[in-house]
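Quick notes on the structure that follows.
The values are calculated or read from the model by the stated rules, or taken from the named source; none is laboratory data. Everything numeric in this text was worked out from a predicted model, so none of it was measured. We place every Cβ from the backbone using ideal geometry, glycine too, and count neighbours over all the protein chains shown. Surface areas here come from the heavy atoms of the whole protein model, side chains and all, with no ligands, DNA or RNA. Shrake-Rupley method; radii C 1.70, N 1.55, O 1.52, S 1.80 Å.
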Amino acid sequence: MWEYLRFSGPFPFLAVVMPLFILSLLVLWFETKRDGRFQPLKLAAVLLVAIGAAGIFLRPLYKGTSSRDYVLLTQGTDEAVVDSLKKIHSAIRFLNAAPDRFTETTRIASWHELEEKGKRIRFVVGHGLPEHATAFIKSDFTFMKSSPPGGVVSISLPGEMYPDEKIEVSGLLRGSGTQPVVLILEGPAGREDSLVVYGAGATRFTLRFRAQQPGRYLYKLLVRTDAGSSVVGNLPATVEERQPIDVIILQSYPSFELQFLKQYLGTMHRVFVRSQLSKGRFRTEYLNGAEGDVNLTKAVMERAELVITDAETINSLSPEESRVLLQGVRNGLGLILLPGGQPDTKIRNWPQPFTLIPVKKDTVMIGAGKQRVSIKTAPFRLSGEALIETGLLNGVQGYRYEGTGRIGVQLATGTFPLILRGDSAIYSSLWYPLIKSVTRPAYGNKVIVTSRFPHFPGEPLNFRFLSSGTSPELYFDSVHIPLREDANIDGLWQGTVWPSRDGWHQLLSVPDSSRTDIFVSSPGEWQALEHEFRRSITSLRGSAEGVRPKGADVWVEVNPLIFYLLLLSGCAALWLIPKLA
Amino acid sequence: MKRDGLQYIQLLRRRLFFLRATEGMLFFGGVFFLSGSLLQIFGLSYLYIIPLVIVAGVVLISRVSAVTNNAAVVAFLNKHHPALTWSADLLLVAEDRLSLMQRLQRLKTQERLAQIYPEVRLPHRLPKAAAVFVLFLLVAVVLPSFDLHIPDQDKDAASAIQVAGAKELPAEVSSLEVKVTAPRYTGWGEKVMRSPEFAAPEGSVVNWKVSFSGPAKNTLLVFAEGDTVHVAGDKFSASRKFFRSSYYFVSWQGADGQQKSSPFYAIDISPDLAPEITIPEFPQFTEVSVNDRLSFSLKAYITDDYSVAQAYIVATVSKGSGESVKFREEKLLFDSPVAPGGKAVSAVKSIDVVKLGLEPGDELYFYVVAGDNRQPGPQFSRTETFFISLLDTADVSLSVEGVLGVDLMPEYFRSQRQIIIDSEKLLREKKVILESEFKGRSNELGFDQKVLRLKYGEFLGEEFESAMVQTEASPADQAHDREEKDVTEKFGHVHDDEENDHAHEQPAVAQEDEHHGHDHSGDHGDEKQDPLKEFYHIHDDPEEATFFIESIRTRLKAALSLMWDAELQLRLYSPEKSLPYQYRILRILKEISNDSRIYVHKTGLDAPPVKEDKRLTGDLSETKSSVDRKAGLVPPKYPSSLKAIQILNNAIAGEVVPELVEALRRAAGEVSAAALEDPARYLHTLTTIKSVLDDTKNVRPELLRLIRKDLINLAGPSVPVPGSPRQNLHPVDLMFLEKLNP
């Protein structure tokens, strides 16, 4: 019996039961002695009084089964799903993380509250949890997704941005299809780009802009429909200042192509040009304070970032110079080969850089619309598995790795007339991707933010960076941040910050004073994107199959009011029955 | 509830008042909206509507009050309700002042009025008033959408100025009167501007009169270039002449001794443009033969911003050929109008080339010139040159003197024209001569055609008959070949050394390869492996060796191709089939002949003469290595603005930037230069910068954003130059690479 019944009253069981039992027996004995009508009723009334009094003093509990599990309601929860869960699991309890909805449920103010109840969450309903909150749920759970969010559900920003470079922002727009959606990108100088998206479902989009100056900029992404315009969110753009590099141009004889390329690169970089006039005689030009030996030495190759020449010129170098150049490329130097006088890219004692396929076409079109122009090329196109092609010109330019350096090739031979015609932008678009891809990178230890965009206040922001120091120091908005070194990789440090407000923040690395700008979006921005990410993250953690809620034994107190009523009715009966007689 | 008679009448009076007032309001409302619309159309101030409102209000109140009294109601009842027996007046009189009979009648009338009261319909024009209101409202809404502007130059100019202006004066400046006097020839006249910002024609004299609400001294007008004009006199007046857009502000010393200044005001000076000439539907190159219509109608549409003062045609007749080409220039007036005037002129001229003295083979070049009425000197503009060529088919000798300076064509072989004449003669005589003779003469003509082809082929570079080897098959033709060889020896230049012979064989082989390239591509692997051939310039290739420029060569090749066909038909004894080819050959040769007449003055580098004793000696003693140091950096056009953008970025992000003021001050200098070129675009930027600089302690971020936006637009994009990408590199990676590449 005690397995199913317990007492929670302030008095011991026997201390209550024994006096009541004796008292009841006495009353019953006296009543049986007295003559009178309604005797059985009087006995019953005495029993009622005794039971009521016992219940009041003993406060009995009985054993029952109850659910200890939770349903976590997140943003986007469908009420029908909640109702269904209530019907099926009547005892289950609800935690509410969706603000301003389901007010009768238990609300959680912070995801950290899940740390305590994380083992008992069986269902997550709605768009799901942010990445860091999923770590609090330590049990298996069923994720009951709401319908996919509409709007911009994916966005990707380029890693590095430089002045006047064409920067592309691509993403995915999930539209309803009932009306066209206009995506507008606004920058500090006004509207930068826009496009119209028709049709339902997810549509990939790309918007472009150019920032003219280094600095931190905010670009606003807007969505305009027939119903009006709304801001999707702010896109941060940290435009970095471009550093001048050392470029070496070697040529067997002067050519217009390299002359104009020299002028183009010379507008920013240090350029060293060596043109052969005759055997053993060279014309050497130094642009913008470029320095270097006339002879190609290891030191020159280590200092330079890019060499532009042709195979014919390399073949005319001394064996030592050719070896030093190859060694320099393998150590990270960039090399661009031009067709030159002979379009062959075979270099003596070098591995074959490229496979060239002869073609009949010796021109290629570049540009768009009225800006479309034809450019003369060598009658070859690039081929080969190792080739990584760059830019729009399929098979006309490309590069491949040689050691840690890269060897690129440009088969367009008549690019300088573009400058003469005033099409400098097209000229730049022709050379820019190749040179950027091939040039030796500037090695540095920049902080890499590993948390995905967008970041929100109150959410963790993870980062890592390389440092050879034993105890590097990092400051987040002048607050010192604790760091931990990776257990497996030496010099790889990781950290987490919790931005408290939206806007720009800064990570400052003390050893090299390098600064990393981080933008934290306000909570109202990028809603669809955040929901989509939460859906995918929660889907990975959760299960699509149903997880049965686990039951638990509970001692349920019998309502004391019942015993009070029994006592009252017994007393009333004892008072009333003599009157009836 | 029962009412007495007077109460009924008062109720009716109130109802009548309501009706009258409503209809009056509707009428007035309609007129009000219509008036507003008209004022908007004619660009007048809405203040003009105030008198209308006052007058209409007075009329409405007096009219309504006049017709809505008890007497009027009683009169209406008596007139329209006979049941009251004309006794409704009694209801207005106090009962104690009535006789007994009158009282009885009053009672009776009162009862009857109570009975008929619900049926009383007071007179009103509400539907009409509502219709008028709706109609006028519609007209008022629709009317402004039509362009009812009176095409008045002055009004257009005035409205343009209003758009440009609309800037408020500072509180201390009570008025700023601007009087613009444009040059007389513009017809613009003299205007007093209502706004300190204004537009005016080039060369206008502007006079300012400034008056201040308080004491002011040291008053200046400061202009864009930094020029200052002291505003002199009691009324503070100054004047200046403008030839380009500018801006200015008023500066004065107030009572507190501080030098104050107004916002910037733009002066938009519209330059006097040269006339524009359009010649529609007239081809730039026209070729006519003598048999064609030799009169052309030339229509020219000439427009100018003020007035076209003169227009004429300059025609040049080119006669002769070779070195004896003569030019004669004439000035032709238009037939209509002879003396042009007005902003737009549609001029017509009939050009008769015969009257101009053109003969077959001559050419006419002409262009149209128009001048405006600008003072002191007119501005002229002209069209491109149009060409009319009168073809001459009689002379077919090819002249190449325009290229080489000497006539290389020999005179002693039959020309194409002669072959045509002989072919036509042969066809005419066909019936009267023997068949053998006909065939013989046809064959001879074919031979002549061949000789002619060879001769032209020589000029094209076909020094030998590389292309005709395979077509010569018949024995008869082989016989001709022997003769042809003689002919080629006679007319061509023969290389007698082995080296040249070898060189001339190469094209033939190449040509053969070209013929069979598709079928035997596998046999030419060596050639494919040697891509350098594509880049050689083979001097002994017939395609490359020629005296002619590309267009002539193409046409000459076409003529040679036709000569093949013409010769074929002649040799097949079908001169009638050969003739169409011969006519086409003649036409092409004539075109080439005419082309060679065009003379272009040669310009370019005159290289110093090479010393003969140093030629081909291989002496490099004077060729030395050189080192040249240059600066190639291209400075930005607006460096201060670019710097300011960066500083503004930080300031907008909330950082304290002490150098902001100095950066803006420097950027303002560049913006002011840009505002001179385009005041409408950059003057407000200058004003915004000035407002920030005037109150540096309370800088609003939205102002900084505006300035940044304008500075970015001012700086504009530049051509991007690639550099090094940034990349993280672990020290272990570096060590690994060093080990990998020792």
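Within segment A:67-95, if we keep just the residues that are open to solvent by less than 20 Å² (accessible area, probe 1.4 Å) and in a helix (DSSP H, G or I), the residue that is nearest to A:P148 (Cα to Cα) turns out to be A:V82.
Are any of the residues in segment A:197-211 crowded, with 19+ Cβ neighbours inside 10 Å, touching a helix residue (DSSP H, G or I) at 6+ places or on another chain (Cβ under 6 Å), small (G, A, S) and at pLDDT below 90? No. One residue stands out in segment A:162-178 among those that are surrounded by fewer than 19 Cβ atoms within 10 Å (Cβ to Cβ) and within 14 Å of chain B (Cβ to nearest Cβ): the one that is farthest from A:H531 (Cα to Cα), namely A:K166. Is it the case that some residue within segment B:614-625 is closer than 29 Å to A:H269 by Cβ and within 8 Å of another protein chain (Cβ to nearest Cβ)? Yes: one or more hits. Checked against (1) part of a loop (DSSP other than H, G, I, E, B); (2) open to solvent by 20 Å² or more (accessible area, probe 1.4 Å), A:A98 passes all but a single condition, namely (2). Among the residues here, A:S471 does not qualify as touching a strand residue (DSSP E or B) at 6+ places or on another chain (Cβ under 6 Å) and part of a loop (DSSP other than H, G, I, E, B).
How many of the residues making up segment B:620-633 are farther than 17 Å from A:E285 by Cβ and either open to solvent by less than 80 Å² (accessible area, probe 1.4 Å) or of a type in the set (V, I, T) (or both)? Matching residues across segment B:620-633 total 2.
Scanning for something part of a helix (DSSP H, G or I), open to solvent by 30 Å² or more (accessible area, probe 1.4 Å) and in contact with a His (Cβ under 9 Å, 6 or more places away or on another chain), does segment B:663-670 turn up at least one residue? Checking segment B:663-670: not a single residue is part of a helix (DSSP H, G or I), open to solvent by 30 Å² or more (accessible area, probe 1.4 Å) and in contact with a His (Cβ under 9 Å, 6 or more places away or on another chain).
When the strands (runs of 3 or more DSSP E) confined to segment B:288-380 are screened for residues that are under 30 Å from B:A200 (Cβ atoms) and at pLDDT 90 or above, those reaching at least 1 such residues are found at B:295-303, B:308-319, B:363-372. Is it the case that segment A:3-12 has a residue that's open to solvent by less than 50 Å² (accessible area, probe 1.4 Å), under 30 Å from A:L566 (Cα atoms), in contact with a helix residue (DSSP H, G or I) (Cβ under 6 Å, 6 or more places away or on another chain) and part of a loop (DSSP other than H, G, I, E, B)? Scanning segment A:3-12 turns up at least one residue that is open to solvent by less than 50 Å² (accessible area, probe 1.4 Å), under 30 Å from A:L566 (Cα atoms), in contact with a helix residue (DSSP H, G or I) (Cβ under 6 Å, 6 or more places away or on another chain) and part of a loop (DSSP other than H, G, I, E, B). The residues listed here are B:P717, B:P636; of these, the one that is more than 9 Å from chain A (Cβ to nearest Cβ) and open to solvent by 30 Å² or more (accessible area, probe 1.4 Å) is B:P636. Number of residues in segment A:128-144 that are of a type outside the set (A, V, I, L, M), part of a loop (DSSP other than H, G, I, E, B) and either open to solvent by 20 Å² or more (accessible area, probe 1.4 Å) or within 21 Å of A:R452 (Cα to Cα) (or both) equals 5. If the condition is being within 10 Å of chain B (Cβ to nearest Cβ), free of Cβ contacts under 8 Å to residues at least 40 places away in the same chain and open to solvent by less than 50 Å² (accessible area, probe 1.4 Å), then segment A:457-474 contributes only A:L466. Report, by residue number, each residue of segment A:101-127 that is basic (K, R) and not in a helix (DSSP H, G or I). Residues satisfying the conditions are A:R101, A:R107, A:R122. Would you pick out the residues in segment A:480-495 that are within 11 Å of chain B (Cβ to nearest Cβ) and either on the phi > 0 side of the Ramachandran plot or among the aromatic types (F, W, Y) (or both)? If the condition is that a residue be within 11 Å of chain B (Cβ to nearest Cβ) and either on the phi > 0 side of the Ramachandran plot or among the aromatic types (F, W, Y) (or both), then A:G491 is the only one that fits.
Evaluation of B:L660 against the conditions (1) within 12 Å of chain A (Cβ to nearest Cβ); (2) in contact (Cβ under 8 Å) with a residue 24 or more places away in the chain; (3) open to solvent by less than 90 Å² (accessible area, probe 1.4 Å) shows that the sole unmet condition is (1). When A:T203 is tested against (1) out of contact with any Phe, Trp or Tyr (no Cβ under 8 Å at 6 or more places or on another chain); (2) within 11 Å of chain B (Cβ to nearest Cβ); (3) of a type outside the set (F, W, Y), just one condition goes unmet, and that condition is (2).
One residue stands out among those in segment A:413-450 that are assigned to a loop (DSSP other than H, G, I, E, B) and either open to solvent by 20 Å² or more (accessible area, probe 1.4 Å) or without any contact (Cβ under 8 Å) to a residue 24 or more places away in the chain (or both): the one that is farthest from the other protein chains (Cβ to nearest Cβ), which is A:T450. Residue check: A:S230 meets all listed conditions (1) within 14 Å of another protein chain (Cβ to nearest Cβ); (2) part of a strand (DSSP E or B) but one, namely (1). Scanning segment A:557-581 for residues that are part of a helix (DSSP H, G or I) and in contact with a Lys or Arg (Cβ under 8 Å, 6 or more places away or on another chain) yields A:P560, A:A573, A:L574, A:I577, A:L580. Being in contact (Cβ under 8 Å) with a residue 24 or more places away in the chain, among the basic types (K, R), under 18 Å from A:K436 (Cβ atoms) and within 9 Å of chain B (Cβ to nearest Cβ) is a property that A:R210 has. Annotation: B:L34 fulfils all but one of (1) within 47 Å of the chain's Cα centre (by Cα); (2) within 30 Å of B:L104 (Cα to Cα); the unmet one is (2). Of all residues in segment A:266-281, those satisfying the criterion of being buried (at least 17 other Cβ atoms within 10 Å of the Cβ) and free of Cβ contacts under 8 Å to residues at least 40 places away in the same chain are A:G266, A:M268, A:H269, A:R270, A:V271, A:F272, A:V273, A:R274, A:S275.
Of the strands (runs of 3 or more DSSP E) lying entirely inside segment B:148-249, those containing at least 3 residues that are modelled with pLDDT of 75 or more and open to solvent by less than 80 Å² (accessible area, probe 1.4 Å) are B:173-181, B:198-201, B:204-212, B:217-223, B:237-242. Quick check: anything in segment B:685-705 touching a Gly at 6+ places or on another chain (Cβ under 9 Å), part of a helix (DSSP H, G or I), facing chain A (nearest Cβ under 10 Å) and open to solvent by less than 80 Å² (accessible area, probe 1.4 Å)? Among the residues of segment B:685-705, not one is touching a Gly at 6+ places or on another chain (Cβ under 9 Å), part of a helix (DSSP H, G or I), facing chain A (nearest Cβ under 10 Å) and open to solvent by less than 80 Å² (accessible area, probe 1.4 Å), which makes the answer no. Determine, yes or no, whether B:T286 is surrounded by 14 or more Cβ atoms within 10 Å (Cβ to Cβ) and farther than 16 Å from B:E384 by Cβ. Criteria not met by B:T286.
Give segment A:293-335 a look and list any residue that's among the aliphatic types (A, V, I, L, M) and within 40 Å of the chain's Cα centre (by Cα), or say none. If the condition is that a residue be among the aliphatic types (A, V, I, L, M) and within 40 Å of the chain's Cα centre (by Cα), then A:M301, A:A304, A:L306, A:V307, A:I308, A:V329, A:L333, A:L335 are the ones that fit.
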